[in-house]
Amino acid sequence: MSEHPQYVPGPASGAQVRKGAEKWTLILTRELRHPPEKVWQALTDPAHLREWAPFEVDGSLGKVGTVNLTWAGTPKPLETRVTRADAPNVLEYGDTRWELEAIGAGTRLTLWHNIDRRFISWGAAGWHIAFDVLDRFLSGVPIGRIVGGEAMKLSGWQRLNVEYAKQFGIEKPNTPPKTGQNS
């Protein structure tokens, strides 16, 4: 069980969208106080991913090839192809692209993630929380993974969902299904 009762996410920030027909691309940027090599390991090592990411993988994302990726809340893994692994700068797999840029002693981390437009604010809220958890994990003060339905129960997630929806020009974000209902 994770230990994060005192965690409250900050305001929605660092996000934008590129709008397509059905899928939109969420672009989320965060500056971390950790060097690119350390951030790269957290993005590619399955053990590190289990500490913060909204998915698990059965192999390293740090090399081109195929892995099974299982998103939180989904029963079946997806065969996912890592198409680019240019350590510690660019990582691409499935509908996801990461860029790491050294800034001083830290890293500017940018995520591009293609998401069904109906759930773009959900994705932004979820990734926002995942980035917070990642930062604390890398700092050596982990608060525990907060993903999927667990993240959506947080009042902070609800607030972020609304804030990002406003930023993206969505009138009213979709609300999560009630417990026990299929999404």
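Values quoted throughout were computed directly from the atomic coordinates according to the rules given, and no laboratory measurement underlies them. Since this is a predicted model, take the numbers as computed values, not measurements.
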(message) So for segment 15-168, if I pair up every lysine 8 or more residues apart or on another chain, how many of those pairs have alpha-carbons under 29 Å apart?
(response) 11
(request) Tell me which label goes with the value of P(r) over Cα pairs in 5 Å bins from 0, in percent computed from the coordinates here: [x] 1, 8, 16, 21, 22, 18, 10, 3, 0, 0; [y] 1, 7, 12, 13, 14, 10, 9, 8, 7, 5, 4, 3, 2, 1, 1, 1, 1, 0, 0, 0, 0; [z] 1, 8, 16, 19, 17, 13, 10, 8, 5, 3, 1, 0, 0. (result) [x]
(request) Convert each backbone phi in segment 24-34 into a coupling constant with the Karplus relation 6.51 cos²θ - 1.76 cosθ + 1.60 (shift: θ = phi - 60°), then list the ³J(HN,Hα) values in order as whole Hz, x for Gly and Pro. (result) 10, 9, 7, 10, 10, 10, 9, 9, 10, 8, 10
(message) I need the shape label for segment 83-155. Rule: rounded when a/c is under 1.5, else prolate if a/b > b/c, else oblate, with a, b, c from the alpha carbon gyration tensor.
(response) oblate
